[in-house]
Number of protein chains: 2
Amino acid sequence: MRGDCCDMRGMLSFLVLFLLSKKPMNGSEIAREIERRKGAKPSPGTIYPALKGLREMGFVKEKKSGKTVTYSLTSKGKDALRLAKQRFCATFTDVLGNGK
Amino acid sequence: MRGDCCDMRGMLSFLVLFLLSKKPMNGSEIAREIERRKGAKPSPGTIYPALKGLREMGFVKEKKSGKTVTYSLTSKGKDALRLAKQRFCATFTDVLGNGK
DNA sequence: TTTAATATATCGTACATCCGATATGTTGGG
DNA sequence: CCCAACATATCGGATGTACGATATATTAAA
């Protein structure tokens, strides 16, 4: 999401933003959901820096409760996701489209 | 494509591999096709290192004619693309799926 | 309480992506 | 022939993604 305009960098942040738009989650839950989709679980050293970046850009907000921190989108984050989704679809439509 | 197993790195190489599977192209044509999809054209400093990497991994072969080099997939590249496409779809299906 | 498990977080290192600048070779127009 | 346009290619520097190792805090189990 750093790459707000044109690059391939930021796909993890994009995916995290998308997942949080469906349901607020904490870091471990996000990692497990990515594991479910890709078959490999991102390590803490991957997922927490990504969340930190999204927070610093004002795209996600946090709610701490005990040992867990639940992340959810800000309205700014929702706007960013909408734009990013449009770019993503324009770039990859037929990759998903043609089946195998 | 480096990230043959689990990471978000390699999305450009993945896209290039996909584009070449539809039609053999030279570097400039690939850059223009990416521009058409994303609205931003990758510079030479982006696209040629990516092609070099794909060549070094044995995923694309070259055919030089005058000033242009036409790239196309090897059978190894086709296999790699097939796998990468499966991972990509599993990860991003509903991102493209839900319309907006 | 001690122990184990979980969630969070940072560090160092490596690599992919990205740009702008720069350079070389080919081609076509003047 | 000379020059502009194009295709190719590399370099340096910045940022994102990734892992393993490490550290701390909270919670649950023994």
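The values are calculated or read from the model by the stated rules, or taken from the named source; none is laboratory data. This one's a predicted model, so the numbers in the text were calculated from it and none came from an experiment. Note: ideal-geometry Cβ built from the backbone for every residue, glycine included; neighbour counts use all protein chains shown. SASA here: full protein model, heavy atoms, side chains in, ligands and nucleic acids out. Shrake-Rupley method; radii C 1.70, N 1.55, O 1.52, S 1.80 Å.
Testing residue A:77 on (1) within 13 Å of another protein chain (Cβ to nearest Cβ); (2) away from DNA strand C (no atom under 11 Å from the Cβ); (3) closer than 26 Å to residue B:12 by Cβ, one condition comes back false. Which one is that?
(1)
Say we look at the range A:64-100 and pick out the residues that are basic (Lys, Arg) and in a helix (DSSP H, G or I); which of these is least open to solvent (accessible area, probe 1.4 Å)?
Among them, the one singled out is A:85.
Here is a yes/no grid of residues against (1) open to solvent by 30 Å² or more (accessible area, probe 1.4 Å); (2) within 13 Å of chain B (Cβ to nearest Cβ); (3) within 13 Å of DNA strand D (Cβ to nearest atom); (4) of a type in the set (D, E, K, R):
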residue	(1), (2), (3), (4)
A:11	no, yes, yes, no
A:14	no, yes, yes, no
A:19	no, yes, yes, no
A:27	no, no, yes, no
A:34	no, yes, yes, no
A:50	no, yes, yes, no
A:62	yes, no, no, yes
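Please pick out the residue among A:85, A:61, A:78 that is of a type outside the set (A, V, I, L, M, F, W, C) and touching a residue at least 60 places away in the same chain (Cβ under 8 Å).
A:85
Do you know which residues across the range B:51-63 are outside any helix (DSSP H, G or I) and under 11 Å from the mean Cα position of the chain (by Cα)?
B:59, B:60
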